[in-house]
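One structure below.
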Amino acid sequence: MAVVGIDAATGSLLVAGKRVFPIVVSNGPPLTSVAPGGRNGLAELAAAGVGFLRTGTGNWTAEFADGQIQNERKALDAAAAHGLLCWTWLGRLTNLPTASGSPSEQLLTKVVNALKGHPGLGAWKGVDEPAFAGVAAAGLVRGYRRLRALDPQHPLVIIQAPRGTAADLKKYAPALDITGADVYPVGYPPGRHAARANKDVSVVGDVTRTMVSAAAGKPVWMTLQIAWSGVLPPEHVPRFPTLLEERFMAYQAVVAGARGLAFFGGHLAPVMRPADAQSGWNWTFWETVLRPLVAELSSTAVAPALVAAPGRKISTDTADVGVATRAAGGFLYAIAVRRGQATSQVRFSGLPASVHSGEVLFEYANGAFRTVAVAGSTFRDWFGPHDAHVYRFRVS
């Protein structure tokens, strides 16, 4: 069994005592799916750096529970065989009535006891978008307490819709270990999912900050777009994020405070190419957008920053450029994103006086990461619309 907890110092997930930045696909490919290169689909995801699959069901029933548990065990077995963990959805099982011993509680107990010891289990997923669905927090608090009594070794994650105020969503903080929101801004018209004034992909940062405020100090995972109901035909015109947009949304969520990322919609058949539909997953999007991003986020260059504690403050002279710093392994990292549409040089200040240069990770010049010169604790770099740069400075 994988003992999974939360690192109090950073909000990172702890898996067997090791800090992890969860990269989740929701939902993953069928267990027998084959990637374009001929490798098993789960093996393909794991090799690129995916760590979690969303599994489970939103419709557990007493009548079919035995078969549902058996199916979930098959998913857990397959995930574990490829070094993956499952984020198992419990549907509405954690929404419990006041009276103890209810049928819902009995079914919750049966499912959790059947699965909690499996080595492929990483975390539980609670009721989906409860505030938007009108599910009161009180029942979820009861369900959370019962779940943690049954299984203290795996956290419960509740994902909200990108709607509501931080004050409204904060009511759910006692019902979870980790929270977050799904936000899918790419579509026609843009920005409809979040129903905010900001229709740009930078709404991801706005929603992430709302969830950080609502989390009451608990970690936040954000769910980003592959596809969603608002791009499915015939009611809608299909549209996907580009690599530039997906990369920006991922890093903007991190800058705003996210400690994990999920990517939703690879399983939605109405927007797949015929070959992908036959395989059961959107391998075209994976190859062109998601795999390069996942490989970057999980790389030995970037991954240490994603699980590290904040570093010293670095400021910019440009209002639409956000920056987060992390300190790890003798390096200071600065993750910077531009939410606006301008193109200009941006000045960063506040670096240690001993630093004279830095690398820009995954941006290349002459076969190596390109560099920036630092003088007087400052440096400058170009930013275009939705640019994201990850800087690494050796400080010891």
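Structure notes:
- For region 133-152, the condition of being within 20 Å of the chain's Cα centre (by Cα) and within 24 Å of T223 (Cα to Cα) holds for none of the residues.
- Any chance V302 is out of contact with any strand residue (DSSP E or B) (no Cβ under 9 Å at 6 or more places or on another chain), under 23 Å from D387 (Cα atoms) and in contact (Cβ under 8 Å) with a residue 12 or more places away in the chain: no
- Residue match in region 219-238 (condition: out of contact with any helix residue (DSSP H, G or I) (no Cβ under 7 Å at 6 or more places or on another chain) and charged (D, E, K, R)): yes
- Unmet requirement for N366, which otherwise passes all of (1) more than 18 Å from S299 (Cβ to Cβ); (2) buried (at least 20 other Cβ atoms within 10 Å of the Cβ): (2)
- Qualifying residues in region 340-372 (those that are assigned to a loop (DSSP other than H, G, I, E, B) and without any contact (Cβ under 8 Å) to a residue 12 or more places away in the chain) - the one farthest from the chain's Cα centre (by Cα): N366
- Selection within region 339-363 - β-branched (V, I, T), open to solvent by less than 30 Å² (accessible area, probe 1.4 Å) and more than 14 Å from T316 (Cα to Cα): V355, V360
- Where helices (runs of 4 or more DSSP H) fall entirely within region 176-290, those with at least 1 residues that are in contact (Cβ under 8 Å) with a residue 24 or more places away in the chain and open to solvent by less than 10 Å² (accessible area, probe 1.4 Å) are at 203-214, 243-256.
- Residue ranges of strands (runs of 3 or more DSSP E) in region 1-102 with at least 2 members on the phi < 0 side of the Ramachandran plot and of a type outside the set (A, V, I, L, M): 18-20, 52-56, 85-89
- Selection within region 376-396 - open to solvent by less than 70 Å² (accessible area, probe 1.4 Å) and in a strand (DSSP E or B): T378, F379, D381, F383, A388, H389, V390, Y391, R392, F393
The values are calculated or read from the model by the stated rules, or taken from the named source; none is laboratory data. Being a predicted model, the structure only gives us computed values, none of them experimental. Don't worry about glycine lacking a Cβ; one is built from the backbone with ideal geometry, like all the others, and counts go over all protein chains shown. The area values use the complete protein model at the heavy-atom level, side chains included, leaving out ligands, DNA and RNA. Shrake-Rupley method; radii C 1.70, N 1.55, O 1.52, S 1.80 Å.
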